Amino acid sequence: MRLFVTIDLPSSLADAVAAVQEEFRDAEGVRFVDPTQAHFTLKFLGETDENRLDEVAEAVESAVDAADIDPFEVTVGGLGVFPSLDHIRVVWAGVEDGDAEVTRLADAIERETTAIGFEAESYEFTPHVTLARMNDARGKNAVQRVVRETNPTVGTFRVEQVRLKESVLGPDGPTYSTVSRFAL
């Protein structure tokens, strides 16, 4: 199973995500993510033996409990790229409000999952919702222009749970399904 831990955006924000993606339509070589599957990845666990599912779920539940965060509002907005504007691989929307809570959850999940043997992240966590990936540099200038010149707000929603999800890769991109939910 290919697993990851998320905060999912509600379906009510899918049109707003798509509207922000529309800003990048002129950029060649850009592959858009499905706006109905938009989420914050708190931790990518990767290929995981199905026999470890209970152990992983317990670790995520412990992390959510340890983070001790009540349901909170998050505002998705602003734009950024990874790893840099000179070499763009991922285009994302960030967090305008609620970033401290999202980061605290991610940090707790990182601690608990590395404690059970998952690899630690090699970079500092940046809360973001992936909008698109770049296949090549053809559209780099167009993406740079949009990121520099626009500052969209996707919307605000209430975070009440964290999800453990499975990703199944297919010819039309990944399909996500929720394995477990953990209430804040």
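Each reported figure results from applying straightforward, stated rules to the coordinates on display, with no laboratory input. All values reported here derive from a predicted model rather than from experimental measurement. Here Cβ is always computed from backbone atoms with ideal geometry, including for glycine, and neighbour counts include all displayed protein chains.
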When residues of region 1-30 are filtered for being surrounded by 14 or more Cβ atoms within 10 Å (Cβ to Cβ), among the polar types (S, T, N, Q), out of contact with any helix residue (DSSP H, G or I) (no Cβ under 8 Å at 6 or more places or on another chain) and in a helix (DSSP H, G or I), how many remain?
-> 0
Among the residues of region 20-30, which ones are closer than 19 Å to Thr153 by Cβ and in contact (Cβ under 8 Å) with a residue 12 or more places away in the chain?
-> Val20, Gln21, Glu23, Phe24
Across (1) exposed (fewer than 14 other Cβ atoms within 10 Å of the Cβ); (2) not in a loop (DSSP other than H, G, I, E, B), Thr130 clears everything bar (1)
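Identify all residues within region 3-18 that are in contact with a strand residue (DSSP E or B) (Cβ under 8 Å, 6 or more places away or on another chain) and without any contact (Cβ under 8 Å) to a residue 40 or more places away in the chain; write none if there are none.
Correct list: empty.
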Under the condition of being touching a helix residue (DSSP H, G or I) at 6+ places or on another chain (Cβ under 9 Å) and in contact (Cβ under 8 Å) with a residue 12 or more places away in the chain, which residue from region 120-145 is farthest from Leu42 (Cα to Cα)?
-> Met134
Members of region 162-184 that are without any contact (Cβ under 8 Å) to a residue 60 or more places away in the chain and either over 28 Å from Ile109 (Cβ atoms) or in contact with a Phe, Trp or Tyr (Cβ under 8 Å, 6 or more places away or on another chain) (or both) | Pro171, Asp172
Yes/no for Gly98 being within 15 Å of the chain's Cα centre (by Cα), crowded, with 17+ Cβ neighbours inside 10 Å and at positive phi = yes
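Per-residue answers, yes or no, for (1) in contact with a Ser or Thr (Cβ under 7 Å, 6 or more places away or on another chain); (2) more than 21 Å from Arg181 (Cβ to Cβ):
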residue: Asp8; (1), (2): no, no
residue: Ala19; (1), (2): no, yes
residue: Phe40; (1), (2): yes, no
residue: Arg52; (1), (2): no, no
residue: Val81; (1), (2): no, yes
